[in-house]
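Asker: Here it is, the structure, as structure tokens.
The values are calculated or read from the model by the stated rules, or taken from the named source; none is laboratory data. The shown structure was predicted, so the numbers you read here are calculated from the model rather than taken from an experiment. With ideal geometry, Cβ positions are generated from the backbone for all residues, glycine too; neighbour counts draw on all protein chains shown.
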Amino acid sequence: MYFPIADVTISPILLMSVGFVVGILGGFFGVGGGFLAGPMMFWTGVPMNFVVGTDLAHMTGKSLVAARRHRALGHVDLKLGLYMVLGTVIGVEIGARIIEALQETGTIELTVGITYIVILVFISGFTAWESIRAIQMVRTDQIDVEKAVGFQGLSKRIQAVKIPPMVSFPVSGIECISIWMVLGVGFVTGILAGSLGVGGGFIRMPMLVYVLGIPTHIAVGTDLFEIIFSSAFGTITHAIKGNVDILMALVMQTGAAIGAQIGANATRFFAGPRIRLAFSVLPLIGAIMVFIRLIGGAMGH
């Protein structure tokens, strides 16, 4: 099937399959799935600027479906999500401008690709290490599996910062935290959302757990709720810049909507540390796919 905006020909079945797989993973792990869908689109030959904008468009619809399901399961902290949106929107616009600047220099694919690989490998390794520690803690100390986190030092220090105004998030079990810490997490992930073409979820979900101290299931649902806003804003700003192939996004969305429901329902059957351990594999897969495409591009030249 020919997509005239991006000027590429790709099988619609392949795109729907990508959407379906990413929908399941996104609904289960609380991420937009851009860390996986982006590399898969890049790998099939979609130009990087269209990967960024189109992936954000497809994620907006998929995250809406998954977040509604998580809301029904009680896994969404609406107050936390809305506060984070404030920081995210600013970061998304800065990230989108970074993409524009890189496009003018002609280094967009190499720069974004290497950044992807470094961040994803770090996230994968750290999350695997932490979740294995948490599972061992449950076995040896008989502590509540949902409260088991193998790395709590950072979240305790963050919650101890008393820079006003202070806010509370009862749904997440946080009595008092500086609003600037919450906005900071949103800002950092917003920059990634705008510049890497992701909802920021592959780093936001771990940051909610390890930096702010949010329980895993609530981090999953709240992350998806927040992604609706960050990816929608990113879609608009990239559409204005001509980086969105809306037909391609709609084809992917047909598969993603079904997958997102399945993934969200599956979280009921897994404890927090095991969700995080399974999650750790996904960023590594994304990093490998980007590396293969970059190597292929270098050999082609």
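Asker: Is there a residue being under 27 Å from residue 242 (Cα atoms), in contact (Cβ under 8 Å) with a residue 60 or more places away in the chain and either in contact with a Lys or Arg (Cβ under 7 Å, 6 or more places away or on another chain) or charged (D, E, K, R) (or both) anywhere in region 114-135?
Answerer: No.
Asker: Something else about it: Hey, can you tell me all the residues within region 140-172 that are under 23 Å from the mean Cα position of the chain (by Cα), outside any helix (DSSP H, G or I) and either under 22 Å from residue 230 (Cα atoms) or at pLDDT 85 or above (or both)? Give the steps one after another, and end with the answer.
Answerer: Filtering region 140-172 for residues under 23 Å from the mean Cα position of the chain (by Cα) gives 146-152, 154-155, 158, 169, 171-172.
Still in the running and outside any helix (DSSP H, G or I): 148-152, 169.
Residue satisfying the conditions is 169 alone.
Asker: Does region 77-107 hold any residues that are crowded, with 21+ Cβ neighbours inside 10 Å and either touching a Lys or Arg at 6+ places or on another chain (Cβ under 6 Å) or over 23 Å from residue 174 (Cβ atoms) (or both), and which are they?
Answerer: Once the filter is applied, which keeps residues that are crowded, with 21+ Cβ neighbours inside 10 Å and either touching a Lys or Arg at 6+ places or on another chain (Cβ under 6 Å) or over 23 Å from residue 174 (Cβ atoms) (or both), region 77-107 yields 92, 95, 96, 99.
Asker: A follow-up question, please. Scan region 62-85 and report the pairs whose first residue is under 14 Å from residue 268 (Cβ atoms) and whose second residue is surrounded by fewer than 20 Cβ atoms within 10 Å (Cβ to Cβ), with Cβ atoms within less than 7 Å and a gap of 6+ or a chain change.
Answerer: 69/261; 69/265; 73/268
Asker: Let me ask something else. Regarding region 119-134, can at least one residue be identified that is at pLDDT below 80 and hydroxyl-bearing (Ser, Thr, Tyr)? Steps first, please.
Answerer: Within region 119-134, the subset at pLDDT below 80 is none.
No; the residues of region 119-134 include none that is at pLDDT below 80 and hydroxyl-bearing (Ser, Thr, Tyr).
Asker: Sticking with this structure for a sec: Return the pair list, or none, for Cβ contacts closer than 7 Å from residues in region 1-18 that are farther than 15 Å from residue 40 by Cβ to residues that are among the acidic types (Asp, Glu) and assigned to a strand (DSSP E or B), at least 6 apart or on different chains.
Answerer: Partner pairs satisfying both residue conditions: none exist.
Asker: Could you please find all residues in region 1-15 being surrounded by fewer than 18 Cβ atoms within 10 Å (Cβ to Cβ), of a type in the set (A, V, I, L, M) and touching a helix residue (DSSP H, G or I) at 6+ places or on another chain (Cβ under 6 Å)?
Answerer: Hit for region 1-15 is 1, nothing else.
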